[in-house]
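The values are calculated or read from the model by the stated rules, or taken from the named source; none is laboratory data. Treat the numbers as computed from the prediction; the structure is a model and nothing was measured. Here Cβ is always computed from backbone atoms with ideal geometry, including for glycine, and neighbour counts include all displayed protein chains. Note: areas computed on protein heavy atoms with side chains; ligands, DNA, RNA excluded. Shrake-Rupley method; radii C 1.70, N 1.55, O 1.52, S 1.80 Å.
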Amino acid sequence: MNQAVPGRTIGRHFAAACALCLLAACAGTGAGSGGGELKTASDQTATEKRANIRLQLAVGYYQQGKYDIALDEIKQAINADPGYADAYGMRALIYTAMGQVPLADDNYQHALRLAPGNPELANNYGSFLCQTANRPQEAMRQFDAALKNPTYKTPVSALVNAGMCSLKTRKLDAAERYLLDALRYNPDLPAVSSGLARVYFERRDYQRAGFFVNRLTEVSKLDNLSADALWLALRVQRKLGERSMEASLVAQLRRRFPGSPEYLAYERGAFDE
């Protein structure tokens, strides 16, 4: 949308954030009425404004988990403006959350046919292809297309997603490159520290892995870390001999995720799997 990779839950967080990015892009897509001018909010027709309002309502319902209502709002947005690429992109996000994978794929493809240069759509589709459809090679093409667009306002999103997707296929050099680029955009993003910790753990460079685990726990409370992030941090601290920190992470994993694959791996001592 699984391997024990820090991106497992991060992908979902970025999907929700990208739903909001769609709204920011809505007013700026298409060509203006004057020669060589970009279209802005003041150029929108009444029909386009109605469609945009419906899309905003759909985003709100999507964030509340009210997917049926969100789909109905999207349907009305598309009825008002059948060429509204962002509406199809939003519908793809909703279908993904509902587990309707083929329908989500169809809507992403249709959205990108309507707006082939839209970097938000390309990033969202890439995340879907990697995390949900398990088609990482196709996903990387979408991330790179988004990153090549000079108008992309949130490239850190595609950089993190590309880094996590590279980790999924164990392409550590590519993952490191994407995530270090993301670090330059936002050094305090937990996903970046988690991903780089994974890269260096896989390389058995435990000192560097420990550096990014410490950054992760500085910028994100332990109570906010996912099971896979806790498991990674626990194993890094174990390798470094930091027993008190390891014990704290074990306690978090036991309390919050007692039935998780990560805690079961801890119980059987699978620290190097």
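A few points about this structure:
- Shape of segment 184-252, Cα gyration tensor, a/c cut at 1.5: oblate
- With 26 Å as the limit, the listed pairs K66/K171; K49/K153; K168/K239 have K66/K171 beyond it between alpha carbons.
- Theoretical FRET efficiency, 1/(1+(r/R0)^6), r = Cβ-Cβ of L264 and I53, R0 41 Å, to 0.05: 0.30
- For segment 44-136: rounded, prolate or oblate by the Cα gyration tensor [a/c cutoff 1.5]: oblate
- Trypsin sites (Lys or Arg not before Pro) within segment 131-183: DSSP coil, no more than 13 neighbouring Cβ in 10 Å: K148, K153, R170
- FRET efficiency for the pair V101 and S244, taken as 1/(1 + (r/R0)^6) with r the Cβ-Cβ distance and R0 = 51 Å, rounds to 0.70.
- Segment 202-273: trypsin sites (Lys or Arg not before Pro) in DSSP loop, at most 13 other beta carbons within 10 Å: R203, R204, K221, R268
- Å² per residue, accessible surface of segment 40-95 at 1.4 Å: 47 Å²
- Spatial separation of Cα centroids for segment 193-226 and segment 149-178, in angstrom: 17 Å
- Rolling a 1.4 Å probe over the protein heavy atoms gives segment 229-273 an accessible area of 51 Å² per residue.
- The label-point distance for K171 and Q137, in a model that sets each label 7 Å from Cα toward Cβ, rounds to 1.0 nm.
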